[in-house]
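Worksheet: the structure to be examined is printed underneath.
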2 protein chains.
Amino acid sequence: MKVLIVFAHPEPRSLNGSLRDVAVRELEAEGHEVRVSDLYAQGWTSEVGRADFPLLPPDARLAPAAASKQAFESGTLTADVKAEIEKLLWADVLILQFPLWWFSMPAILKGWVDRVFAYGFAYGVGEHSDKRWGDRYGEGRLAGKRAMLIVTAGGWQEHYSARGINGPIDDLLFPINHGILYYPGYDVLPPFVVYKADKLDEAGFQATAERLRERMRTLATTSPIPYRRQNGGDYLIPSMRLRAGLEHSGATSFALHVEQVEARSPMGETSSVHSTAEGCAATA
Amino acid sequence: MKVLIVFAHPEPRSLNGSLRDVAVRELEAEGHEVRVSDLYAQGWTSEVGRADFPLLPPDARLAPAAASKQAFESGTLTADVKAEIEKLLWADVLILQFPLWWFSMPAILKGWVDRVFAYGFAYGVGEHSDKRWGDRYGEGRLAGKRAMLIVTAGGWQEHYSARGINGPIDDLLFPINHGILYYPGYDVLPPFVVYKADKLDEAGFQATAERLRERMRTLATTSPIPYRRQNGGDYLIPSMRLRAGLEHSGATSFALHVEQVEARSPMGETSSVHSTAEGCAATA
């Protein structure tokens, strides 16, 4: 497979830098082709602005979505954005790797999303009418590809658990996994999360590296988070509300948008689980 | 009162620009002092990087949290960051205003948070031990001040409702309201949200502007979202898990961290409600 890692840490000699190298080596050892967009090293521009849209007259009002649509359709996006779009089209798997800063991605990576996920490419795709609200959430130009996050957090796993004060990690990452990755069509794998990242000793690093290698070896076979497809019949159109009664017992909020799947336990029993994501966070 | 608006839209002639002007005029008419940090106009730098930490030797490994701590303690943060910190200390109320891009804030505003919310100022404050996990979530250097979001979204309100496909707006904003604003101590007011922002006609704008003026007139009296205080006894330390049985019926995930409050209905009856935030989103 072809794998693109978008890397967003300012220091190559960081834990993130080391984990990136572990991932790249394991992927290449498995015979995959790997490319890395190292945003700090590339000097990535984070801000959507007039410079993104050369066709926009200097005195015209900048409406970012309309300008993005025009630039994508006319092939006049800037060279740095076009290069990233080419990489996304090339890759079978996209990995976003970043330290969790203020419960989300660093600005430079948000700026990569804001600028590269153009109108007509990552949103505004397909028919928009009272019958169909576009090709998104499971459909779109990136459908058929896989994506996953590699995230380091300074806090403890307990602080990000179901009752932890920060909120559950899977819900904190929902705006990224569902809103940024599933939206343009990616199948989203459970995230790889490292906790107490600033306190990791050598033994902890080795164990973490081995967990990461295992995730790299299973990129093609890991089950994606079973988000519901927008156009699969579960949602009312155009209100885009989940139809009544489809959810598993007790699900509210983000968990409504994850299908109940049958899971086979190691003991051979079949049980019903809410999501693969919760299980992953517990082992990440 | 003193009010700081941090504004993150590249076009002054946008809906966001118009709403900012409405807010400023109303606040000034009420006798408040207003300052605006217009991030695009200021040419704000979004990326945390080596340039933030002049004391760091060129060959030293950059550990962002440690470097931030050293720079804050030694007074060597960069002039642009120091100026924003001064404004935050000056203001009684902080308003973050932005268009919702990919279910979060634009990169330039995330970069304002990443760079201005320094270690020792917005995090890493207070005793950290097995008995106390710092002054945060309701305590910290910004305690006693108020904060709120002004957000525009292209999608429909239904798409951001309890069963809407994007996820409920209050949960999408939780990483910002709870994780960025409540964390260093702000009392966080329910957000002001505008939906179908790209389709607003003149009548819609006038109605929206009047709703916003009302929110500006009630800045001092609006009840904050009743997030639970970390050090108020609701959480186990150091696991920082919510104690069993404290939550209102059916609450999971982010909603666990909002206290049940008694509300008096317009008919004089007392009823129990989960959060003021849900009600606000319905009227925003």
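Nothing in this text is a laboratory measurement; each read-out follows from the coordinates by a stated rule. Since the structure is predicted, the reported quantities are computational estimates derived from the model, not experimental observations. Backbone-built Cβ (ideal geometry, glycine too); neighbour counts: all protein chains shown.
Most fluctuating residue of A:Met240, A:Met216, A:Met148 in a GNM of chain A with Cα springs under 10 Å: which is it?
The residue with the greatest mean-square fluctuation here is A:Met240.
In this model, which of B:Lys87/B:Lys110; A:Lys87/A:Lys110; B:Lys145/B:Lys196; A:Lys69/B:Lys110; A:Lys87/A:Lys145 are farther than 19 Å apart at the alpha-carbon?
B:Lys145/B:Lys196; A:Lys69/B:Lys110
In 5 Å bins starting at 0, how do the alpha-carbon pair distances of chain A split up by percent?
1, 5, 11, 15, 17, 17, 14, 10, 6, 3, 1, 0, 0, 0
Relative to the other copies, what are the label-point distances for B:Phe205, with labels 7 Å from Cα along the C-beta vector, expressed in nm at one decimal and sorted shortest first?
For B:Phe205, the other copies' label points sit at 5.7 nm, shortest first.
Between B:Ala66 and B:Arg132, take the C-beta separation as r, use R0 = 22 Å, and let me know the FRET efficiency to the nearest 0.05. Write out the running numbers ahead of the final one.
Working: r = 21 Å, r/R0 = 0.97.
E(calc), rounded to 0.05, equals 0.55.
List the aspartates and glutamates whose alpha-carbon lies under 15 Å from that of A:Lys131, not counting same-chain residues fewer than 8 positions away?
By straight Cα distance, A:Lys131 reaches A:Asp234.
Is the shape of the protein assembly as shown best called rounded, prolate or oblate, per the rule: a/c under 1.5 gives rounded, else a/b larger than b/c gives prolate, else oblate, with a ≥ b ≥ c the square roots of the Cα gyration tensor eigenvalues? It would help to have the intermediate numbers written out before the result.
Numbers: a/c = 1.16, a/b = 1.15, b/c = 1.01.
Rounded is the answer for the protein assembly as shown, as its axis ratio a/c remains below 1.5.
Under 18 Å from the Cα of B:Lys82, which aspartates and glutamates turn up, not counting those fewer than eight places away in the same chain?
B:Asp38, B:Glu47, B:Asp52, B:Glu73, B:Asp92, B:Asp114
Could you give the distance between the Cα centres of the stretch A:238-254 and the stretch A:152-170, to the whole Å?
Cα centres, the stretch A:238-254 to the stretch A:152-170: 25 Å.
Using a simple spin-label model with points 7 Å from Cα along the Cα→Cβ vector, what separation in nm is obtained for A:Glu28 and B:Leu89?
Spacing of the two 7 Å Cα→Cβ label points: 4.9 nm.
Within a 10 angstrom radius of each residue's Cβ in A:42-55, how many Cβ atoms of other chains show up on average? Whole number is fine.
Mean number of neighbouring Cβ atoms from other chains: 3.
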